[in-house]
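What follows is one structure encoded as structure tokens, with my remarks underneath.
The values are calculated or read from the model by the stated rules, or taken from the named source; none is laboratory data. All of these numbers come straight from a predicted model, not from anything done at the bench. Methodologically, a virtual Cβ is constructed for each residue, glycine included, from the backbone with ideal geometry; neighbour enumeration extends over all protein chains shown.
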Amino acid sequence: MKIRQIDLYNFRQFYGTTKLALACEDDRNVTLIHGENGLGKTTILNAVYWAMFDDVTPRFEQKNRIVNFEAEKEGIREAKVEVEFEFNGEIYRASRTFSIGSAKTSFLLYRIDRGSHVPIRAPETFVNSVIPKAMARYFFFDGEHAETFAAEKNQTAGAAVRSMLGCDLAEEGMKDLKAVAGQYTKQTGDGGGDDELKSLRDKLTELEDQVARDEADLADQKKSVEQLSEQKSLIDEALRLTAGASEVQELRDGLKTREEQIERDVRERQAELVRWIGEKAITVLSKKALLETASFVDSEAVEGRLPSPYREDFIQSLLHRENCICCRDLKPTTSEWNAVATLLKTAGNTEAESRLARVRIRLHTFQELARNAPNQLSSTQERLGQLLEERRGVAAELGEVSKKLEGLDLHGVRERERARGEIEKNLGQRHQRIGDLEATIRNAASRIDSLAQEIKVKGAKNERTRTIMRKRQLALDAAILLKSRLERYESRARSAIEGEINDILERTARRDYQFKFDDDFSMALTHSDIDGPVPKSGGENQLMSLAFTAALVRFSKERVGNTDELLSPGTVAPLVLDAPIGHLDQSYREATAEFIPEMAGQVILLLSSAHMSAGVYDALKARVGKEYVLISENRRAREGKSNDPIALNGRNYNQSLFNQERNLTRVEEVA
């Protein structure tokens, strides 16, 4: 899919009709749009997303105020976006209209055939086949909101990978199979009068229904965590951009990162203590007994009692032959025979000697453990004490910094910091709820298996019950098989995307970083000279999120034509990047600008002058096919304000104009 043109009709900042023809050539695949903050870069990104999917990105404020304010004052009550795109050799035009007072937007889709517009039936279904909505959000990159993927403890990358895999159908299939199994459970015992069987059936049904509710609750909690994480990222960004709060915010971010690292170290030391208790506590407590046992074994050996000086098999052979080693007869019942037979009471054998050897080795091992264990315990306790003290200090400093943020006499800072605290509290509660639900579901699974087995045994002689339970198990086995297949796909996707990201980092990162996903799909950077994950700056988070997005897009492209019956095929779609290099320093920006055109077959890149330097422009210009500048027209007088000039291709453009007829943003193509 490639977008040929975007037409805006009274959509947000854009009054009247605004048309943007986009670059579609393979060698010049970048459409570059320059615009200062507030002029409409994010609006253009969201215009395409909204037109295709009736959805917007998290930073798109006042989502229901779609009609241009100037147009609304003049009595116009509609806004519309049309997107003309190419797909599989055909040209299509999607059109979405918003009307003030209407609860829903209207969506139309046409195929353009020799100038005629042929309506497409079920347009949403068709668009979803071009680019599934679950995948689409990852083709619209909001750079000011880029830390969502890479932020500490954020697990939304896993959802992104599963979306690009097209797991939705299989995941719904698993839910349906579990529901089918539950329906079979409800039928168990209906045909007979066995009250005990019905009681077991009712318990199993109740438990399965509860697990279904818990799983739905778990999915909702995870979705809420994702949404809250996005809100928290927006507040963090707003705090950084608030004049006078940026330095305090950076300090708070650093302290928060340090606090999280200390928390991980504390958990590791506590785990070491638990392991020490399980592995070495008994050894230390039994030290005296070990010493006495070893001393007894050694003294008995010296005195010849351990092992015995006589072997049982040797004495038995003398008695059997009835002849002593001195050649005297040993006849049964004689005093000589009885004397030799008495030696059997203390005689040793091969097994006893082998046991004794093992006892000596084990005693020696325990003694070594007992000698070393106290030092290990002392070292772990000392380090844990240091970490707890450091954690108290960091927590106190964090509290002071948060108070400073609350006390800053700046518009919105106090409210944002308080909102951030509420979100963090909410996130903590939801993470706790997620952990509780996962534990409850795991425990219920074993009880469900136990009850199902009881029903099988109790209903073994009932043909109907046996048949129903076989069908129930077949549905559950199919769900397990689906889950196993999806986990294999996910594992392969994880490895492929990790490889792509590391290729990008090798080209762009200043340091020798290695990227990896944790088990929960949160992102981490590692370095050979640093133990554990590397604390990341805002710029490194943005770079990692951008690299992750690029890897997702490439992964989706590689899956085009996928014929696996469980997964939706991949897709090729334009990548819309709004301020993707805002948090990067100059050298990172230039290196990143070099690989941006390679991220997708078509790139729409939106940059402000603060992000555009000669180096960035030079890195991009060979791949730019279309270039525009957003110009703000203001009704008010200039009154000493800047015209915000920008020089592009040897020509100066004023991005702010005053004493104009209306307040609006217009688009001018760069010659």
Based on what the data block shows, is Val616 part of a strand (DSSP E or B) and either under 27 Å from Arg485 (Cα atoms) or not acidic (Asp, Glu) (or both)?
no
Residues Thr105, Thr57, Thr125: which one is in the same structural domain as Ser608 (by TED's automatic domain parsing), within 30 Å of Leu584 (Cα to Cα) and either surrounded by 18 or more Cβ atoms within 10 Å (Cβ to Cβ) or not small (Gly, Ala, Ser) (or both)?
Thr57
With respect to Gly570, determine if the residue is surrounded by fewer than 16 Cβ atoms within 10 Å (Cβ to Cβ), at pLDDT below 85, part of a loop (DSSP other than H, G, I, E, B) and not aliphatic (A, V, I, L, M).
no
For the range 159-203, which positions are surrounded by 18 or more Cβ atoms within 10 Å (Cβ to Cβ), modelled with pLDDT under 85 and within 30 Å of Thr571 (Cβ to Cβ)?
Ala160, Val161, Arg162, Ser163, Met164, Leu165, Gly166, Cys167, Ala170
In the range 417-462, what residues are without any contact (Cβ under 8 Å) to a residue 12 or more places away in the chain and acidic (Asp, Glu)?
Glu422, Asp436, Asp449
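One line per residue, one yes/no per condition, for (1) modelled with pLDDT of 85 or more; (2) surrounded by fewer than 19 Cβ atoms within 10 Å (Cβ to Cβ); (3) in a helix (DSSP H, G or I):
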| position | (1), (2), (3) |
| --- | --- |
| Leu474 | yes, yes, yes |
| Leu486 | yes, no, yes |
| Glu498 | yes, yes, yes |
| Gln542 | no, no, yes |
Suppose we keep only residues that are closer than 22 Å to Thr17 by Cβ and assigned to a loop (DSSP other than H, G, I, E, B) within the range 99-123. Which one would you say is modelled with the lowest pLDDT?
Gly115
Quick check on my filter: what residues within the range 121-144 are over 20 Å from the mean Cα position of the chain (by Cα), under 19 Å from Gly166 (Cβ atoms) and aliphatic (A, V, I, L, M)?
Val127, Val130, Ile131
Failed criterion for Met52 (all others in (1) out of contact with any strand residue (DSSP E or B) (no Cβ under 7 Å at 6 or more places or on another chain); (2) in a helix (DSSP H, G or I); (3) farther than 28 Å from Glu594 by Cα hold)
(1)
Identify the residue in the range 606-621 that is under 36 Å from the mean Cα position of the chain (by Cα) and aliphatic (A, V, I, L, M) and, among all such residues, is surrounded by the most Cβ atoms within 10 Å (Cβ to Cβ).
Leu606
Just checking, does the range 2-9 include any residue being of a type in the set (S, T, N, Q), under 16 Å from Ser99 (Cα atoms) and modelled with pLDDT of 90 or more?
no
Any residue in the range 623-634 that is within 30 Å of Asn541 (Cα to Cα), in contact with a strand residue (DSSP E or B) (Cβ under 7 Å, 6 or more places away or on another chain), surrounded by 15 or more Cβ atoms within 10 Å (Cβ to Cβ) and of a type in the set (Ser, Thr, Tyr)?
yes
Of residues in the range 205-236 being hydrophobic (A, V, I, L, M, F, W, C) and free of Cβ contacts under 8 Å to residues at least 40 places away in the same chain, the one nearest to Val180 (Cα to Cα):
Ala212
Take Lys63 and decide whether it is of a type in the set (Lys, Arg), free of Cβ contacts under 8 Å to residues at least 12 places away in the same chain and either out of contact with any Gly (no Cβ under 9 Å at 6 or more places or on another chain) or part of a helix (DSSP H, G or I) (or both).
yes
Taking Arg96, is it part of a loop (DSSP other than H, G, I, E, B) and either touching a Lys or Arg at 6+ places or on another chain (Cβ under 6 Å) or assigned by TED's automatic domain parsing to the domain that holds Leu605 (or both)?
no
Of residues in the range 661-671 being more than 42 Å from the chain's Cα centre (by Cα) and exposed (fewer than 15 other Cβ atoms within 10 Å of the Cβ), the one farthest from Asp7 (Cα to Cα)
Glu661
